[in-house]
Amino acid sequence: DLVTGVQTCALPISAVLQGDLSGFTQTSDGGVIGRSDVRRPTFAELGISDHRQWALQAGMRLDRHKIYVHGSLINLDETTQLAAPLLSQWIQFPAGDRVEADFNLSWYSLGYLFNMGELGEGEYSVGTELSMFDFQYQLSGSPARGVDRSYSRVALRLGAALDYPLGESFTLTGALFATAPIQTSPRINTLDVQVSYTLWQGASRSEEHTS
């Protein structure tokens, strides 16, 4: 007997994440002497120490294959007073200047996972993602002083995921993805752990052939 089956399942996932934020905003070169202060401004001196991230994902399984799209939306804004003079994109901001900072640090992915089979009581998959990092940095001061820099860069990410069932409807999922070592790619390295609940699952179809 030969039995084949096809199963499809829509997978909408959404989450709100909160976490610390550190680093500097002069990307991707870190600041060029004479044009911008090196590794400034930092998020800390702009009054930004944490962030909120909206994560959205939707996908579909077809037998052992899973295709999905993912978006992590990170938008920041803060108004603060500069403690030290700042040079950014040839614009000089004096110490004490009140500035408004706006950032977009969002990234988007198209991913594929292949189910390799069982691992203990769970299942593991390997896959790849094509991700795009969407960066925008705006800094406005007074009077009518401001800079605006934006760019988008693509990264190839490789990773694996483990699904572990928790009863009939709950699943514990862990996924690790890292950027392939390509010189111009942004580094988007993630470790995700989540518990999901299955609200609906598409019907399966099987065919039996007897010889």
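The values are calculated or read from the model by the stated rules, or taken from the named source; none is laboratory data. Note that the structure is predicted; figures quoted are calculated from it, not measured. Note: ideal-geometry Cβ built from the backbone for every residue, glycine included; neighbour counts use all protein chains shown. Areas reflect the complete protein model, heavy atoms only, side chains present, ligands, DNA and RNA absent. Shrake-Rupley method; radii C 1.70, N 1.55, O 1.52, S 1.80 Å.
Among the conditions (1) within 22 Å of residue 57 (Cβ to Cβ); (2) in contact with a strand residue (DSSP E or B) (Cβ under 6 Å, 6 or more places away or on another chain); (3) of a type in the set (Val, Ile, Thr), the only one that residue 147 does not satisfy is (1). Going through (1) at pLDDT 90 or above; (2) closer than 21 Å to residue 104 by Cβ; (3) aromatic (Phe, Trp, Tyr) one by one, residue 68 falls short only on (2). Every condition in (1) modelled with pLDDT of 90 or more; (2) surrounded by 11 or more Cβ atoms within 10 Å (Cβ to Cβ); (3) part of a strand (DSSP E or B); (4) within 23 Å of the chain's Cα centre (by Cα) is met by residue 191 except one, and the failing one is (2).
Of all residues in region 100-124 being of a type in the set (A, V, I, L, M, F, W, C) and in contact with a Leu (Cβ under 6 Å, 6 or more places away or on another chain), which is most open to solvent (accessible area, probe 1.4 Å)? Even if it seems obvious, please write down each step before you answer.
The initial filter retains those residues of region 100-124 that are of a type in the set (A, V, I, L, M, F, W, C), namely 101, 103, 105, 107, 110, 113-114, 116, 119.
Keeping just the survivors that are in contact with a Leu (Cβ under 6 Å, 6 or more places away or on another chain) gives 101, 103, 110.
On the way: 101: 2, 103: 8, 110: 96 Å².
So the residue we want is 110.
Scanning region 125-179 for residues that are surrounded by 14 or more Cβ atoms within 10 Å (Cβ to Cβ) and either free of Cβ contacts under 8 Å to residues at least 12 places away in the same chain or of a type in the set (S, T, N, Q) (or both) returns 125, 128, 131, 136, 138, 140, 171, 173, 179. Counting only strands (runs of 3 or more DSSP E) wholly contained in region 72-168, the ones carrying 2 or more residues that are modelled with pLDDT of 90 or more and over 16 Å from residue 40 (Cβ atoms) occupy 75-81, 98-119, 122-141, 145-166.
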